[in-house]
Amino acid sequence: SSADLHPVYVGKSRRRYLISSDIIDNPLFRELAERSGEDDDAVINVSCEVVLFEHLLWMLENADPQPESLEELVEFYAC
């Protein structure tokens, strides 16, 4: 539901996005959030560039990545 939106703060500028639970539960997103350090469920930070983050969102919404490519993708998106 549209109520399942969570604030996510991205990059050095900490740009705020509202992200659906479906994307937040994606293994690739989880891994990125964990690598970004702060493990606080109330505040999700992702330390990749905003433009990369927007690409990631597009990909998760349109082309669900395969498990074998997850590791490479995390390396690509993690900064």
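The values are calculated or read from the model by the stated rules, or taken from the named source; none is laboratory data. These numbers come from a predicted model, not from an experiment. Backbone-built Cβ (ideal geometry, glycine too); neighbour counts: all protein chains shown. Areas reflect the complete protein model, heavy atoms only, side chains present, ligands, DNA and RNA absent. Shrake-Rupley method; radii C 1.70, N 1.55, O 1.52, S 1.80 Å.
Need the full-extension length gain, MET59 to SER21, defined as separation in residues times 0.36 nm minus the C-alpha distance. One decimal, nm.
12.1 nm is the gain from fully extending MET59 to SER21.
Under 17 Å from a label point 7 Å along Cα→Cβ of GLU72: give me every residue in segment 43-58 with its amide N that close.
From segment 43-58, the list is 56.
Once a ≥ b ≥ c are taken as the square roots of the eigenvalues of the Cα gyration tensor of segment 5-78, is the result rounded (a/c under 1.5), prolate (a/b larger than b/c) or oblate (a/b not larger than b/c)?
rounded
Compute the accessible area per residue over segment 5-78, keeping the other protein chains in place, probe 1.4 Å, unit Å².
Normalised by residue count, the accessible surface of segment 5-78 is 62 Å².
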